Amino acid sequence: MTKTKFSILFSTIAAVMLVSALYVPAAEAAIQISYSVNGGPVIQCALNPLSSGPAVCASVSAAPVTIAVISAQSNSPGSPTLAQEFGSTLVIQSSANSTLDLYITAQDFTNPSAPPPVVLASSISTTSTTGSGTSGLVSCLNTTNGLAPPTDPFCAAGPSVTNTTLAFTGADSTANTVTTSIASLGTPYSISQHVSLTLTAGTNVNVITSTVLTPVPEPASLLLLGSTLGLTALLRKKFKRA
């Protein structure tokens, strides 16, 4: 093959590869909600290609459980001072003893990262009117940047924190927040939540969750805050005496 023919062939192959690449779907970040009742298959009920959301599942019905609304949103890709994901439900009802697992995941967080250290705070609260049950939450910073079941495994890699299991009964409200310090965290990562509920027959409950990541305050900032608070207290005493 002559040099000229080789150049033409190489140029043609390169052009074909370039055109083909243009038609390959680009990977997109997303926010996803899914659920499972009584250990059954995990069902994806919402997938928004905008990872900040919102994502909304309306009128979920998986006997014996019904859920009026499940919603989620995040501030993906985050900021140097904050990454957060929120989830909430409206009227979970169960006509028989059952279990309910909810998964919420938002992808493509690039801030904050560590080091310096960051603090992961995981919160869950319930408000019930009838019935009884328990609620739990695991919050994960998934460094594979994956979603959750049924798309991907929950928390394939990365730090996580597990909240204390809460018990509720009748007209009741419960809340729990757990924090942990993280010394090393690469990017991008997804924030994933796994909410686990046990429900007795006749239960009516709402659930709110949040996962928040913030930098650990620097010693200089803490010193400045302490000095400011001390000065404020001193000025208050001075004004009272005046």
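Here GLY158 fulfils each of the conditions (1) within 13 Å of THR209 (Cβ to Cβ); (2) surrounded by fewer than 20 Cβ atoms within 10 Å (Cβ to Cβ) apart from (1).
There is at least one residue in the range 96-114 that is more than 13 Å from THR214 (Cα to Cα) and surrounded by fewer than 16 Cβ atoms within 10 Å (Cβ to Cβ).
Within the range 21-54, being within 15 Å of SER190 (Cα to Cα) and modelled with pLDDT of 95 or more holds for ALA30, ILE31, GLN32, ILE33, LEU47, ASN48, PRO49, LEU50, SER51, SER52, GLY53.
Kindly list the number of the only condition in (1) crowded, with 16+ Cβ neighbours inside 10 Å; (2) closer than 30 Å to SER79 by Cβ; (3) more than 14 Å from the chain's Cα centre (by Cα); (4) polar (S, T, N, Q) that fails for THR177. Exception for THR177: condition (1).
No other residue among THR105, THR99 is within 20 Å of ALA62 (Cα to Cα), assigned to a strand (DSSP E or B), out of contact with any Phe, Trp or Tyr (no Cβ under 7 Å at 6 or more places or on another chain) and modelled with pLDDT of 95 or more apart from THR99. The strands (runs of 3 or more DSSP E) found wholly in the range 110-172 and carrying at least 3 residues that are among the hydrophobic types (A, V, I, L, M, F, W, C) occupy 118-130, 132-142, 166-169. Which numbered condition in (1) in a loop (DSSP other than H, G, I, E, B); (2) closer than 21 Å to GLN44 by Cα is the only one that ALA201 fails? Status for ALA201: all satisfied but (2). Consider SER79 carefully, then state whether it is surrounded by fewer than 20 Cβ atoms within 10 Å (Cβ to Cβ), small (Gly, Ala, Ser) and touching a Phe, Trp or Tyr at 6+ places or on another chain (Cβ under 7 Å). Considered against the rule, which asks whether it is surrounded by fewer than 20 Cβ atoms within 10 Å (Cβ to Cβ), small (Gly, Ala, Ser) and touching a Phe, Trp or Tyr at 6+ places or on another chain (Cβ under 7 Å), SER79 comes out as no. Scanning the range 122-144 for residues that are free of Cβ contacts under 8 Å to residues at least 60 places away in the same chain and surrounded by fewer than 22 Cβ atoms within 10 Å (Cβ to Cβ), which turns out farthest from ALA175 (Cα to Cα)? Among those residues, the one meeting the criterion is THR144. Number of residues in the range 61-96 that are in a strand (DSSP E or B) and either hydrophobic (A, V, I, L, M, F, W, C) or touching a helix residue (DSSP H, G or I) at 6+ places or on another chain (Cβ under 8 Å) (or both) equals 13.
Just checking, does the range 56-65 include any residue being modelled with pLDDT under 95, out of contact with any Gly (no Cβ under 8 Å at 6 or more places or on another chain) and surrounded by fewer than 14 Cβ atoms within 10 Å (Cβ to Cβ)? Yes - at least one qualifying residue is present in the range 56-65.
The values are calculated or read from the model by the stated rules, or taken from the named source; none is laboratory data. Keep in mind the model is a prediction, meaning the values are calculated, not measured. Neighbour counts are summed over all protein chains in view; Cβ atoms, including those assigned to glycine, are modelled from backbone coordinates with ideal geometry.
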